[in-house]
Amino acid sequence: MKNFFPVIFFSFTFVLGILLFDDYGISWDEPIQRDLGMANWNYVLHGDDSLFHLINKYHGPFVEMIEAAPEKIFHLQDEKTIFLSRHLINYLIFWLGSIFLFLSGREMGFESGAMNYEERADRTTQNARRTAYNSQLLPLLAVVMVYLTPRIFAQSFYNSKDIPLLSFFIINIFFLFRFLKKPSFKLAIVFAIVSGMLYTIRVLAVIIPALAILFFLLNLLNGNLSKRSLKFLLTYIILFVLFAIAFYPVMWHDPVDEIQKSFSTFSHYQFYDVQFFLGKLIKPQQLPWYYIPVWMGITIPILWQLFFLAGLVFVVIMVIRTIKNFFRDSWQWLVIAAWLFVPWLMVLLLHSTVYDEWRHLFFIYPAFILIAVAGVKMLIDKLNNTRGNFIQVLLRVSCLVLFTAQSFFVLTFSLKNHPYEYSYFNSLAGKNPQQKFDLDYWGLSYRQALEYLVQNAKEESIKVCWHNSPGYYNLAWLPARERNRIHEVHFDSADYFLTNFRFYPEQYTDTAWHTVRVNNFTILAIEKLHSKNH
């Protein structure tokens, strides 16, 4: 069966999400994003203008309205059920995006001659089998590598801003490839719809129509498309603008003015909370240019990064050796390169505000991975062309051992530390990442801390002070009786203090009354203050 492995894998990951979606706490942003979805829903269906009074009214409403749908349709009242439904929907969006990543990998043509910078005229049965192998397993490998990136996987359940952006960006790239290869009115309509959806997740999505125009014209110049196909591009552009406004309710009353305000808001987002980076507390506006590369370097599995470097070398060599035909036959790699590098360059040139690791640029990660898989493809080709059976076997075994070891390490970490995969660091972060970087900045571990507290505190009335708002949000997971035992008070009157150290790394401790730990460091601590107050 041609699609046996993809069907098995995507069935497994679907079931995996169903089994795990109720394990994560409520993150810092979720209640705010929930309010945004509800306000957009109420404005669209009931004309309620409370949307225009929200501080985050320009944040993308599309996914938030989808995640608000169960609450509105089924009249959900219980906060636990509401946030569980959001976590499940968020994961399913990620899962759908992973399918399109596989399909995009197939569109890249890992099996095609464009991938091979050395000419091969041999069309043997062995090569035909290898082609079928690459066309299925190499694109699937890209998806596997994304799933084996712990921070991405964990956030697929609760991050309703950056993960849906990643997923819908993948979907748009897939339809971009299809549209540029064989444009039609049908594809123009579908592509415009998904581009409009992406825009209403984050306005940075204007990159997609920009790429569509640029590469459409490129394919027109190199003879891949005819001038008659320009009508399809024009159709796409017009429909994109219409769908972008249609899916963005806050734009309806004055599209031109509101679009300008939204771009202004997100190009220089007003966020001033200090970030703990390389052992220093730094305001977001003063973070160095290497903030994003460093965070990527310490949170992406190291072997994936080595594959990426190999893939980058491969693409450069391919450009040099096939420069005459590259823009005609391999323009897809320019799309991938633009997807990866242009957003980061935009952040640098516009001095855009970024914070909380590299999550604002998670959407470039699939491009990173596709280049990494190109590196794997290059290694496979080199091994196939290596003379000497012993050397060939030795190299293959070495590569397989490295990949297995990296995958085993990531899986072991995730299984051991679930549901705290979002605190993954690789060895480049050093033995004590808590001394240099933010840990549980989302505050999800308050859930497990509160569950531990009500099970182990002897007081019937538990006086608690938490460091930040996720402490309050995660009360939703407690049964009503246990929740009623918790009373938030000022620090001076508290018996217990809960902290995830955000903005105050000097509070870090490994010796508190109770700690939530990931490997050898603490991401949340409960300090027992009873002896200080009584």
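I need the full set of residues from the stretch 358-372 which are farther than 15 Å from V143 by Cβ and not hydrophobic (A, V, I, L, M, F, W, C), in order please. Answer for the stretch 358-372, where residues must be farther than 15 Å from V143 by Cβ and not hydrophobic (A, V, I, L, M, F, W, C): R359, H360.
You will find that of L415, L383, L394, the residue that is assigned to a helix (DSSP H, G or I) and either closer than 19 Å to F308 by Cβ or among the polar types (S, T, N, Q) (or both) is L383 and no other. Checking each residue in the stretch 464-474 for being in a helix (DSSP H, G or I) and surrounded by fewer than 20 Cβ atoms within 10 Å (Cβ to Cβ) picks out only Y472.
Looking at the stretch 161-173, can you tell me whether even one residue there is more than 30 Å from Y355 (Cα to Cα) and in a loop (DSSP other than H, G, I, E, B)? First the steps, then the outcome.
Taking the stretch 161-173 and keeping what is more than 30 Å from Y355 (Cα to Cα), we get none.
Within the stretch 161-173, none of the residues are more than 30 Å from Y355 (Cα to Cα) and in a loop (DSSP other than H, G, I, E, B).
Among the residues of the stretch 289-338, the ones that are under 15 Å from E357 (Cα atoms) and more than 25 Å from the chain's Cα centre (by Cα) come to 0 in all.
Mind listing just one residue for me: the one in the stretch 224-248 that is in contact (Cβ under 8 Å) with a residue 60 or more places away in the chain and not hydrophobic (A, V, I, L, M, F, W, C) and, of those, surrounded by the fewest Cβ atoms within 10 Å (Cβ to Cβ)?
It comes out as N224.
For the stretch 179-289, please list each of the helices (runs of 4 or more DSSP H) lying entirely inside it that holds at least 1 residues being at pLDDT 95 or above and either of a type in the set (S, T, Y) or farther than 27 Å from Q33 by Cα (or both).
Values: elements: 185-199, 207-221, 230-246, 255-267.
Output list reads 185-199, 207-221, 230-246.
The condition (being in a helix (DSSP H, G or I) and of a type outside the set (V, I, T)) is satisfied by just one residue among Y24, Y43, Y58: Y43. Exactly one residue out of S461, S531 is at pLDDT 95 or above, more than 18 Å from I26 (Cβ to Cβ), more than 28 Å from the chain's Cα centre (by Cα) and surrounded by fewer than 17 Cβ atoms within 10 Å (Cβ to Cβ): that is S461.
The residues of the stretch 498-525 that are charged (D, E, K, R) and touching an Asp or Glu at 6+ places or on another chain (Cβ under 9 Å), listed by number, are R502, R517.
Closer than 22 Å to I89 by Cα, assigned by TED's automatic domain parsing to the domain that holds V335 and under 14 Å from the mean Cα position of the chain (by Cα): is that true of I152 in this structure? Full working, then the answer.
Numbers: closer than 22 Å to I89 by Cα: yes; assigned by TED's automatic domain parsing to the domain that holds V335: yes; under 14 Å from the mean Cα position of the chain (by Cα): yes.
Criteria met by I152.
Among the residues of the stretch 40-65, the ones that are over 21 Å from S267 (Cα atoms) and either out of contact with any helix residue (DSSP H, G or I) (no Cβ under 6 Å at 6 or more places or on another chain) or not assigned by TED's automatic domain parsing to the domain that holds L198 (or both) come to 5 in all. Got at least one residue in the stretch 484-503 being over 34 Å from the mean Cα position of the chain (by Cα) and of a type in the set (G, A, S)? Looking for residues that are over 34 Å from the mean Cα position of the chain (by Cα) and of a type in the set (G, A, S), one finds at least one in the stretch 484-503, hence yes.
Taking the criterion of being charged (D, E, K, R) and out of contact with any Gly (no Cβ under 9 Å at 6 or more places or on another chain), would at least one residue in the stretch 60-71 satisfy it? Lay out the reasoning, then the answer.
Looking only at the stretch 60-71, we keep the residues that are charged (D, E, K, R), and these are 64, 67, 71.
Within this subset, residues satisfying the condition of being out of contact with any Gly (no Cβ under 9 Å at 6 or more places or on another chain) are none.
No.
Of note, I391 satisfies the criterion of being out of contact with any Phe, Trp or Tyr (no Cβ under 6 Å at 6 or more places or on another chain), closer than 30 Å to M108 by Cβ and not assigned by TED's automatic domain parsing to the domain that holds L278.
The values are calculated or read from the model by the stated rules, or taken from the named source; none is laboratory data. Predicted model only: the values in this text are computed from it and were never measured. No Cβ is skipped: glycine too gets one built from the backbone with ideal geometry, and neighbour counts run over all protein chains shown.
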